[in-house]
Amino acid sequence: DTGVSQDPRHKITKRGQNVTFRCDPISEHNRLYWYRQTLGQGPEFLTYFQNEAQLEKSRLLSDRFSAERPKGSFSTLEIQRTEQGDSAMYLCASSPEGIGYTFGSGTRLTVV
Amino acid sequence: AQSVTQLDSHVSVSEGTPVLLRCNYSSSYSPSLFWYVQHPNKGLQLLLKYTSAATLVKGINGFEAEFKKSETSFHLTKPSAHMSDAAEYFCVVSSSGGNTGKLIFGQGTTLQVKP
């Protein structure tokens, strides 16, 4: 296992389109987190899963955002009807018990 | 609620001189604190973490940080800067409420190392 993988690395989309990102965590990690990082800012928490259960969502996660982790392994983050304000780096991290994160390299989204 | 404040948005040092990146925290509980580094176009890398053991924490690449409860600080230091240390540094506190383990990041400090 080589760490947390995120796909794609970069995504350019037109405003109004839907996009989906994938995160493959470290296999033995039961916790999975999504963060968003805008330019010049620190990452902000979006949501997290313990196994397949989504246990917390930030108020940043509007109704256009949905995340799943159907089998407790990989996770997807979908953004519907993208807006220019959604342009950011989307980071995934996994952890065995909530301490000791491993971050992926992120998916950079640009909405034009 | 937990929060961190990084007191400098940008720090510039000469190669071979000491580095000091300042961080103050606010927490209702005994906090877990971290420093992460982010090089351009790279993922976040953990430098060190404090989890209520020794107050002086040693990390990778010669970095260390001291937890001072009386000052609510967790400053990051390194005795001698290398060019490769130029990056964005984040002070982070873990939210203990509800045992989510979610991380709360500071705004970041850009470290510039001049030759």
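The values are calculated or read from the model by the stated rules, or taken from the named source; none is laboratory data. Everything numeric in this text was worked out from a predicted model, so none of it was measured. Using ideal geometry, Cβ is built from the backbone for each residue, glycine included, and neighbour counts are taken over all protein chains shown.
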Report task. Can you give me the number of residues within the range A:94-105 that are closer than 17 Å to B:HIS39 by Cα and either of a type in the set (A, V, I, L, M, F, W, C) or in contact with a Phe, Trp or Tyr (Cβ under 6 Å, 6 or more places away or on another chain) (or both)? Result -> 1
Report summary line: Only one of (1) without any contact (Cβ under 8 Å) to a residue 40 or more places away in the chain; (2) within 12 Å of another protein chain (Cβ to nearest Cβ); (3) surrounded by 20 or more Cβ atoms within 10 Å (Cβ to Cβ); (4) within 14 Å of the chain's Cα centre (by Cα) does not apply to A:GLY42, and that is (4)
Requested in this report: For A:SER73, indicate whether it is within 14 Å of chain B (Cβ to nearest Cβ), of a type in the set (Ser, Thr, Tyr) and either over 16 Å from A:TYR35 (Cβ atoms) or touching a Leu at 6+ places or on another chain (Cβ under 8 Å) (or both).
Outcome: no
Query raised in the report: Just wondering, is there one or more residues in the range B:93-113 that are within 12 Å of chain A (Cβ to nearest Cβ), under 18 Å from A:TYR35 (Cβ atoms), outside any loop (DSSP other than H, G, I, E, B) and in contact with an Asp or Glu (Cβ under 8 Å, 6 or more places away or on another chain)?
Result: yes
Report summary line: The residue that is surrounded by the most Cβ atoms within 10 Å (Cβ to Cβ), considering only those in the range B:51-80 that are β-branched (Val, Ile, Thr) and free of Cβ contacts under 8 Å to residues at least 24 places away in the same chain, is B:VAL57
Query raised in the report: Quick check: anything in the range B:77-85 in a loop (DSSP other than H, G, I, E, B) and either within 14 Å of chain A (Cβ to nearest Cβ) or closer than 23 Å to A:PRO43 by Cα (or both)?
Result: no
Report task. Exactly one condition in (1) at pLDDT below 95; (2) outside any strand (DSSP E or B) is not met by A:GLU56; state its number. Result -> (2)
Report summary line: Within the range B:23-35, residues being in contact (Cβ under 8 Å) with a residue 60 or more places away in the chain and either touching a Leu at 6+ places or on another chain (Cβ under 7 Å) or surrounded by 14 or more Cβ atoms within 10 Å (Cβ to Cβ) (or both) number 7
